[in-house]
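A short write-up of the structure that comes next.
Derivation of every value follows stated rules applied to the coordinates shown; laboratory data play no part. As the structure is a prediction and not an experimental result, all values here were calculated from the model. We place every Cβ from the backbone using ideal geometry, glycine too, and count neighbours over all the protein chains shown.
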Amino acid sequence: MSNQPPTTTSLQVITKGIDWAAFVRKYMIIGILILFVIALAILTGGNSVQPVNLVNVIRQVSAIGIIGVGMTFVIITLGIDLSVGSILGLSAVVAASLVQIPTGSLVKFAGIDLPVIVGILAGLGVGALAGFVNGLLISRFRLAPFIATLGMMSIARGFAYIYTGDGRPFSNLKPEYNYLGQGYLFNDPNTPLSGIPLPVVLFIGVAIIATVLLGYTKFGRYVYAIGGNETAARVSGISIPKITLIIYTMSGLLAGLAGILWSARTGSGNSTLGQGIELDAITATIIGGTSFKGGIGSIWGTVVGALLIGVINNGLDLLGVSPFWQIVVKGGIIILAIIIDERKNAKKA
C-alpha cells in the first residue's frame, strides 16, 4: 500500500462534501475564545495566560458552567429558567447549615453531629425539589416557563433569607465540606498548579454525563424533538410533561450542586449567593450556540461559552475595568448572540 500523501485532486474530493459555512457557524465560538485569549494576553502583558491564572478562571466558571449545562436542556426545549441563582443560594445555606463545626451550630440534630454527606444531599435535594416544582408548574399547570421560574426565583431567595434568620451567613464549615470547593485532585505541593481543582473535575464530569445524555440517548432525542416541533413530538408519542419535569428537576439539581461548590469554595453559606448567575448561565448557553428558537444546542458549546465569559471577566479584572461595566458587556454579548441566532434562523427559513 502506498504511503504517498493524497494528491490535490484527492484532497478536493475529500473536502468537496464539507459545508464550510455550517462548519464555521458551528465552531466559530472556539475561534472567538482563542482570539479573546490572545487579545487579553497582549493587553495584560501575558498575565492572563499564566497557568495558575487560567486554572483559577476555569475554577471560577465551574458554577456557571454546571448551571449552564442544565440551562442548555431547558432552552433547547424552548424554555427558560430564571430561578437557578436563587436555588443556588437556598441550596448553599441549607447545605452549609448542616456542615458547620458543631459548637453553637445547627448541625446538632437530636444530639447527633450530622456527617458532611447529609448536608451535601440536603443541598442537592433542595435544588432538585425546587426544579421539580418548576417542572410541575410548567408541565401540569401550563404556566409559561418565564412566569413559573420568575416566581420560583423570588420564592427560593425568600426562603434563603428566612432560613438564615437575621441574614448572617453560615460559616465555620467542616474542612471535609470546604475541600469540595478548595481541594485538588492529583495534589502535588511541589508544583505551582497544585493539581486539578475539584470544582473543575466536577464540572468536567457533569459536562461529560450531559453530553452522553443529550447526544446518545433516547431522552436526548426527545429533548431535541420537543424543541424542534412540539406538536410533532406529541403526535409521535413523546410524553412532553414527563420530559419537561425531568429537565427542570435536572436544572434545579445542578443549581444545587453549584451552590454546594460555591459555599465550599468561600467557606460560607450566604443567602445572597448566586445573585445574577442566571444571566451568566443564559449568556454561556446562548453564545455557545443553543438557540432560543429551540431544537438546537450542545453541551460542548455551553462549556466553551462559560470559558469565554470567564476569560472576559478575568481579563477585565486584570485591566482594572469596573465590575459594573462587566455587567454591561455581558448584556451586550447576549443581545449580539441573539441577533446572530435570529439571522441564522432567518437564512435557514
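Here are the numbers:
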read-out: Helix runs (DSSP H) in the chain reaching 30 Å along axis by Cα, Kyte-Doolittle at least -0.5; value: 20-43, 51-76, 116-139, 240-266, 323-348
read-out: Two-site FRET efficiency, LEU35 against SER194, from Cβ-Cβ distance with R₀ of 30 Å, rounded to 0.05; value: 0.50
read-out: Spacing of the two label points (7 Å from each Cα toward its C-beta) at ASN172 and VAL328, in nm; value: 4.4 nm
read-out: By average C-beta atoms within 10 angstrom, highest first, the peptides 292-299, 86-93; value: 86-93, 292-299
read-out: Listed values [x] 24.0, 77; [y] 29.8, 92; [z] 21.9, 79, entry calculated as Rg and Dmax of the Cα atoms in Å; value: [z]
read-out: Approximate spin-label separation LEU318-VAL201, in nm, with each point projected 7 Å along Cα-to-Cβ; value: 2.7 nm
read-out: Computed over region 46-348: relative contact order in percent, which uses C-alpha pairs under 8 Å that are six or more apart; value: 34 percent
read-out: Protection proxy ranking of 36-42, 74-80 - average other beta-carbon atoms within 10 Å, highest first; value: 74-80, 36-42
read-out: Under-5 Å amide H pairs with SER194, H placed in peptide plane, nonlocal only; value: ASP188
read-out: Distance in nm between pseudo-label sites at LEU143 and PHE186 (7 Å out along the Cβ direction from Cα); value: 4.5 nm
read-out: Listed residues ALA306, GLY195, MET71: farthest to the positive end of the dipole of region 46-348 (Cβ charges); value: MET71
